[in-house]
Structure formats: structure tokens, C-alpha cells
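Values quoted throughout were computed directly from the atomic coordinates according to the rules given, and no laboratory measurement underlies them. Values in this document were obtained by computation on a predicted structure and should not be read as measured data. Neighbour counts run over all protein chains shown; Cβ positions are idealised from the backbone, glycine included.
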Amino acid sequence: MVIKQIIYSIILLLFVFIPLYGQEIDETNWKSNPKIKKIRSIYKEIQDDLDKDKYEKQSLSCSWGDQSPGISGDIYKNQNGTIRYYEIMSGSGPSFIEGKYYYSSKGNLRFSFFQLGAIYGTEKEKRVYFDENGKHLYTYLKPKGVVWKGGLPENIINPLDEYACLSYDNRLKLKAKIQEIKQICDKIDTTINTGVYKKHSKVCATGDGSREVFGLIYIDKNGIVRKYGLDGGTGDSSGEANYYYSKKGILRFSFIRLGYYNGTDEKTRTFFDKHGHFLFSETRLVGPGCACGFAFDGENPLEDFNGLCEGYEE
């Protein structure tokens, strides 16, 4: 008799639960839907781990030359290297937009949450839920019916994608320019491998060996610097930098990587238009950061190379 009651209870639960789990999610049932509840449990798990500092943190910051606000964010990975949480913010003064992305233990996006604030007290919220495969389940808006234009994307598959900031706010024109600059840099590196450019190098170090720098410059047949590289460090820091120039000698791209004994690993990519004006910059930082770097700003590379060893010994 007891067994029959148990079986009857299980069947009854299945009749109640299965339709609820499979029903379409809408504004009347989304809070009680089992799929949403499962996502909430993942959200709570991640928040608890964040509170306990269980994740490795990597920072991201981006800025562009059109005077619009930049973006800053943090990526959190578990001990297996899987991204579990990503938060980003953009804004200036009283206006801001903030996005938070929560990922499963397999790295699939399950939930994203957005807050928007504007002058005169305007506040908006958006919550977006995804199934175990990253497919959209439901979007909740507050206030109801609000229209979101531009801003942050609902679904960021991989925050570690190179130049991820270019996907924000539909910056397609800027992305095209970035791709063009990358092609220029690739062509310069390919030409370097052919031996067409004249190569000059210098190694400079202090007398006690505590500080050193290595410079490498490539000059085309017209006497124009096409690439300038620096590599150096001290006892507790290291760095490398590469600068790429157009046929007219105008800076188009720079890549700088810095390391420090405290675990800092910082990479910055900066792009410039055909006139040398700043277009876009992205910095990714692991660790606490450091007050280290190269004094060279990318202008007059030949002059910098010629005076590289001032204060050192060649």
C-alpha cells in the first residue's frame, strides 16, 4: 500500500512538473518556471564564489577617439580556466550602463543583467535568461515595455575574444578600420621576413646590470621607419613594445606588454587612423598592475632609437 502511494505521488508530481517545465515562459509564470529557478541557483553559486574570492580576475578596459565613454570590466575564471562571471560598465557623469554575465561550469552563458541610469533619475533594468546551450529563454524588462537601443550586447559568448569591445554599441565601422590596420601590420611583418627592410639593433645596460633595454628598428628603401621594437626590464619587471608605421612614417598600431614580480601581466593594443589620430585602445590586465612601462610615445622612432642608450652602456 505504501509503495502504491509513493508511485501515485511521483506520477502526480510528474503531471504537475513536466507541463510546467515545458511550458512557454512569459510574464505570468517566469518567476516560478523551473528553468528560471535553475538559472537562479547558478547565479547564487557564482555570487557565493565571488564573495569567497575563488576566481582569478582579469581586467579589461577600452577607449576610442570619438569622445564617447570608454568601457571597463572584469573577467572571472575558476581554477579550470573557465569563465564564470564577466562585468562591464560604460558611462560618464550621471549616465551609465552596467552589464553582468553569468556562465555555467561549462562556460555557457546562462544569465545576463543590465542596469541603465541617466540624468534626471531615469533607471532601467533588463534580465536575460539562457538555457544550458546558451539559447535565449526569456527577457524581463523594467519598466515594462522599455526599448533598449545600442549599448551592451545581451549575449557575449567569450569575453576573452580579441578586441571584444568592438562588439559593443555596434561599432562596425570602427571594426573595419581595425581589420585594415591589422592587415597593414601583417604585411610589414611579412616584408621583414623577406629581408627587404634595413635592420638596426642596439643593446643597452646599466653598469651593474640591474636595468637593460634592447632596440630593433626596420627602415624601408625610402628611409621610412616601418617597425620599431623595444624589449627590456629590471630585476623585478619586464616589458616589450612594438610600433608599426605606414609608408609615410605615421604610427598606425602599437602593442605593449608589461610584467611585474607581483604577478602583473598587462597587454595594451592601440590603433591610429591614417593621420596618426587615436582610434581605439584595449587593455587587458591580470594581477594588481604596476607603475612600469616605456617612456617612448610612438613618435619619432628613429630619434628615440639613436638616443636609446643615454644613461646606459652600449
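A few comments on the model shown:
- Residue order for ARG127, ARG284, fewest other beta carbons within 10 angstrom first, comes to ARG127, ARG284.
- In the stretch 206-314, the chymotrypsin sites (Phe, Trp or Tyr not before Pro) that fall in loop regions by DSSP, at most 13 other Cβ within 10 Å: TYR261
- Applying D = kT/(6 pi eta Rh) to the stretch 174-306, where Rh is the Kirkwood radius over alpha-carbon pairs, T corresponds to 37 °C and eta to 0.692 mPa s, the Stokes-Einstein value obtained is 209 µm²/s.
- For a straight C-alpha distance cut-off of 16 angstrom, the lysines reachable from LYS202 (same-chain residues fewer than eight places away being disregarded) are LYS227.
- Of the cross-linked pairs LYS124/LYS274; LYS175/LYS248; LYS35/LYS142; LYS199/LYS267; LYS35/LYS124; LYS54/LYS175, those separated by over 32 Å at the C-alpha level are LYS124/LYS274; LYS54/LYS175.
- Qualifying aspartates and glutamates (Cα of each under 12 Å from Cα of LYS38; at least 8 residues distant if same chain): ASP131, GLU132
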